[in-house]
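First comes the structure, then the notes that go with it.
The values are calculated or read from the model by the stated rules, or taken from the named source; none is laboratory data. Source: prediction; values computed, not measured. Positions of Cβ are backbone-derived with ideal geometry, glycine not excepted, and every protein chain shown enters the neighbour counts. Quick note on the areas: whole protein, heavy atoms, side chains included, nothing else; ligands and nucleic acids left out. Shrake-Rupley method; radii C 1.70, N 1.55, O 1.52, S 1.80 Å.
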Amino acid sequence: MQEWESWHNENDREALLEEMVALSKEEPSKDVLLKLRTYANQWKTAGPVSTARLNEFRDKFRALFEEIMKKCEPIIQEQEEEREKNLALKEEICQQIEELAKESDENWRDKYKTMQELQEKWKTIGMVPKDNVQAIWNRFRTAENAFFAKHKEFVKQEDFVREENYQKKVALCEKAEKLAT
């Protein structure tokens, strides 16, 4: 049974290597990189092969993988530059939210709309470098939470003022009814 499984896995790996050879002949693109990632994942999940062929398969796979990666270096560099730009945009959004939370003026309705716009803008911006993903996300969430905490305080204060005004109006109505009688 192990021999059959090994033979089957060898066939799977040979098929993957053939697909990678075809991929190495394609023009570099994001699709090529995506396919390469898919093939690498399939390679990792492919079952064990005989020890006699293990080194042969591994060496062919590495050589093809490195060849394709080398051809796609300009695209990878372009993606990294784009991610750096995205990081700068997201940092700018974080700064704007932090400033919104610090402002003490009473125009919270406009600030709330601005916050919603910034949240939507955040969603449209693409990926950032892997090293910065968690840090920028934490900064965004912290700024967002600070803004909404202040907004909640404003709403509480506004509700309190409304209740006070309501009580004053009720008292005026009661006086007016007494005067009418």
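As an exercise, use a Förster radius of 22 Å and the Cβ-Cβ distance of residue 103 and residue 161 to find the FRET efficiency, rounded to the nearest 0.05.
FRET efficiency, residue 103 to residue 161: 0.65.
What number comes out for accessible area per residue over the stretch 1-129 if the probe is 1.4 Å? Units Å², please.
68
Taking all protein chains together and a probe of 1.4 Å, list 39, 166 from the most accessible to the least accessible.
So, going from the largest accessible area down, we get 166, 39.
Using only alpha-carbon positions, what ratio does the radius of gyration of the stretch 80-124 give when scaled by 2.2 N^0.38 Å? Numbers along the way, then the final one.
Working: Rg = 12.3 Å, N = 45, 2.2 N^0.38 = 9.3 Å.
The value comes to 1.31.
Could you compute the FRET efficiency for residue 75 and residue 25, with r as their C-beta to C-beta distance and R0 at 25 Å, rounded to 0.05?
Approximately 0.95, to the nearest 0.05.
Leaving ligands and nucleic acids out of the surface, order 24, 104, 29 by accessible area at 1.4 Å, largest first. List each step's numbers first, then the result.
Numbers: 24 10, 104 100, 29 40 Å².
The ranking, largest first, comes out as 104, 29, 24.
Of the accessible area of the chain, with the probe set at 1.4 angstrom, what percent is carbon plus sulfur?
In the chain, the share of accessible area belonging to carbon and sulfur is 53 percent.
Would you compute the Debye intensity of the stretch 23-181 from its alpha-carbon atoms alone, equal scatterers and no solvent, and pass along log10 I(q)/I(0) at q = 0.11, 0.18 Å⁻¹ to two decimals?
Debye intensities relative to I(0), on a log10 scale: -0.71, -1.08.
What accessible area, in Å² to the nearest ten, does a 1.4 Å probe give for residue 137?
110
Provide the solvent-accessible area of residue 174, counting protein heavy atoms only and rolling a 1.4 Å probe, rounded to the nearest 10 Å².
Counting only protein heavy atoms, the figure is 100 Å².
Take the Cβ-Cβ distance between residue 110 and residue 84 as r, set R0 to 41 Å, and report the resulting FRET efficiency rounded to the nearest 0.05. List each step's numbers first, then the result.
Working: r = 32 Å, r/R0 = 0.78.
My answer for the efficiency is 0.80.
Run through every distinct alpha carbon pair of the stretch 1-86 and return the Kirkwood hydrodynamic radius in angstroms, one decimal place.
The answer is 14.0 Å.
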